[in-house]
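Please read the structure below before turning to the comments.
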Amino acid sequence: MFLLVTTSSTSFAGGPMEKGRFLQILLDHASVIDLSHDQVGKINALKIEQMEALEKLRQEKHALSQELHQMMDEPKPKRKKIHQKISQIQKIQEKMMVKRVDTKLDALGLLNEKQKAELQHIIPSQRQHKKADQKESSARPHSKKQKHEGQKTLTPPIEE
C-alpha cells in the first residue's frame with residue numbers, strides 16, 4: 001500500500017513571493033529601487049532568518065510525513081490517527097505560509113513610499129512571466145486520467 005501526499009510550494013499571494021523569491025527580487029533590484037546599504041543589510045538578515053525558520057519547519061514536516069507513511073504501511077491503518085497526522089502536517093504548512101507573509105510584510109515595512117512605487121513597476125513584469133508559464137503548462141494534460149483516458153487505476157482499501 002502506498003500514499004501520495006502532495007503539498008504546494010506556492011505562496012498565499014502567488015507571483016514573485018512564490019518559493020520565497022520576494023526578498024531576492026528586492027535584492028536583485030536594489031539599485032533600481034534605490035535601497036540603502038542599511039536596507040540591503042536588513043533585507044539580507046530577514047532572508048537568512050526566514051531560510052532558517054523555514055528549514056526547521058520543513059524538517060518537522062518531513063518527519064511527520066515519514067510517520068504518516070509508516071502509519072499507512074501498517075497492516076490495519078487507523079483512519080482517525082492518519083487524519084490527525086495530516087492535520088499536524090497542515091499546521092506546519094500554515095506556519096510556513098505565515099512566516100513567508102510576515103517576512104514579506106517586514107521587508108515592505110523597510111521601504112519608503114517611493115521605493116514601494118518603484119517595486120510595483122518590477123513586480124508586474126515578474127507576474128507576467130508567471131502567467132506566460134501558466135498558459136504554457138495549461139496546454140499540457142494535468143492528470144494521468146487526461147493522459148491515459150480509459151486506463152483503470154486501482155486504489156487499495158483502507159480499514160477504519
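Only the coordinates and a few stated rules stand behind these numbers; no lab work does. Since the model is a prediction, treat every value here as computed from it, not as a measurement. With ideal geometry, Cβ positions are generated from the backbone for all residues, glycine too; neighbour counts draw on all protein chains shown.
For the reader, a short list of remarks on this structure follows.
- Of Lys91/Lys114; Lys76/Lys99; Lys95/Lys116; Lys42/Lys95, those spanning more than 32 Å from alpha-carbon to alpha-carbon: Lys91/Lys114; Lys76/Lys99
- Dipole magnitude for segment 21-113: about 860 debye, using +1 per Lys or Arg Cβ and -1 per Asp or Glu Cβ, origin at the Cα centre.
- Phi angles of segment 91-100 translate, via the Karplus equation with coefficients 6.51, -1.76, 1.60 and θ = phi - 60°, into HN-Hα couplings of 5, 5, 4, 5, 4, 5, 5, 4, 4, 5 Hz per residue; Gly and Pro are given as x.
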